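Down below is the structure, laid out as structure tokens.
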Amino acid sequence: MTRPTRRHLLAALTLALAALTPLAQAQGKIPLRISTPAVPDDWHAKMWTVFKDSLDKSAPGEFDVQINLNASLFKQGAEPAAMARGNLELASISAFDIAKLVPEFSIFTAGYIVRDPEHQQKVFNGPIGEELFKLVSEKMDVTPLATVYLGTRQVNLREPRNVKTPADLKGVKLRMPGSKEWLFLGEALGATATPLAFGEVYLGLKTGTIDGQDNPLPSVRAAKFYEVTKQIVLTNHLVDGIFISISNKSWNALSAAQKGKVKAAAQAAAAFNNENRLKEEAQIVDFFKQQGLQVTTPDVEAFRKAVQAAYANSDIAKAWPKGLLDRINATR
Ligand code: KDO
């Protein structure tokens, strides 16, 4: 065997160093492809521009942030699989997306569990969030970076109806996104849950293939559902959250400094969304009234009782870790 020359050693060293350097970085900018079903005028769509601007400032020339709105890159709910396959780097995934692979997380798909936006931030930014996000990383191969307040979900009907209790929603074809946990929530509200992707809801309401839908009010405005509905029932049934998450493949390829910058950008984006959405929610009812919609208040306690009873007796709740509900309730 010949002795390795200085040149051989140098070449081997260069190769070893290249293996340690994130591949995309060696080739130029690191691509960060984002896919979301959000419509451009909604806060959780606009927040991605905040994310991009933040990274352009903290890491100029390092990342190529590509924002794809309106589910134009991947259809709603398909993002986690795309991230696991390496076709997508970032998305804002819902508790419902997570529950499919991490059943423990389904507790956050249940109505009337999280009390308000502040409670939501405390739960996810504390030990409960830490434990559950660890499970998410292990089981889904994505890392949650920030908790985004999507808003408090309300029922929105095509034709006005006197709705006081869940019994008053009997027979109403209420559109829900398409998964078992979403449909369970719709049924728990007393309606007949009908699965449909977000992008098809406007037409469904217009043509009458559905009688109503549920969403946070800023999204009802941004997606213009108020143009094709006549009533909002303030059920306050779900303080909804989505989680800015990055695929572990891209996360693990970043340097510690890059990780810090990407996480800070995600948190700035979430803060932008949360602040603006809360502000809008505080005064949005007037907007709908001006548009001619009836905004009514049901017997929220009757809804809470019925929904909580439906979950307590469900298979969904069997996956909730022992004591988690008490810990969530005790979080102040
Ligand atoms: C919806 O389809 O009703 C929903 O609100 C579900 C959320 O998890 C999220 O996907 C959201 O749509 C989209 O981002 C569009 O706002």
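The values are calculated or read from the model by the stated rules, or taken from the named source; none is laboratory data. Everything numeric in this text was worked out from a predicted model, so none of it was measured. Neighbour counts run over all protein chains shown; Cβ positions are idealised from the backbone, glycine included. Each accessible area value is taken on the protein alone, full model and side chains, heavy atoms only, with ligands, DNA and RNA left out. Shrake-Rupley method; radii C 1.70, N 1.55, O 1.52, S 1.80 Å.
Would you check which residues across the range 185-194 are in a helix (DSSP H, G or I), of a type in the set (A, V, I, L, M, F, W, C) and over 27 Å from TRP43 (Cα atoms) and list them? Within the range 185-194, ALA188 is the sole residue that qualifies. Only residues that are in a loop (DSSP other than H, G, I, E, B) and without any contact (Cβ under 8 Å) to a residue 40 or more places away in the chain were counted in the range 274-332, giving 4.
Scanning the range 84-98 for residues that are within 11 Å of the ligand (Cβ to nearest atom) and open to solvent by less than 20 Å² (accessible area, probe 1.4 Å) returns ALA91, SER92, ILE93, SER94, ALA95, PHE96, ILE98.
Residues in the range 159-176 that are within 16 Å of the ligand (Cβ to nearest atom) and either open to solvent by 10 Å² or more (accessible area, probe 1.4 Å) or free of Cβ contacts under 8 Å to residues at least 24 places away in the same chain (or both): LYS173 only.
Kindly indicate whether any position in the range 112-134 is within 12 Å of the ligand (Cβ to nearest atom) and open to solvent by 10 Å² or more (accessible area, probe 1.4 Å).
Start the filter on the range 112-134 by keeping residues that are within 12 Å of the ligand (Cβ to nearest atom), which leaves none.
No, the range 112-134 has no match at all.
In the range 67-83, the condition of being more than 16 Å from the ligand (Cβ to nearest atom) and either among the polar types (S, T, N, Q) or at pLDDT 95 or above (or both) is met by no residue.
Inside the range 283-332, residues that are in contact with a helix residue (DSSP H, G or I) (Cβ under 8 Å, 6 or more places away or on another chain) and of a type outside the set (D, E, K, R) make up a count of 24.
Conditions (1) closer than 24 Å to GLU200 by Cα; (2) small (Gly, Ala, Ser); (3) more than 12 Å from the chain's Cα centre (by Cα); (4) in a helix (DSSP H, G or I), marked per residue:
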residue: SER54; (1), (2), (3), (4): no, yes, yes, yes
residue: LYS57; (1), (2), (3), (4): no, no, yes, yes
residue: PRO60; (1), (2), (3), (4): no, no, yes, no
residue: VAL65; (1), (2), (3), (4): no, no, yes, no
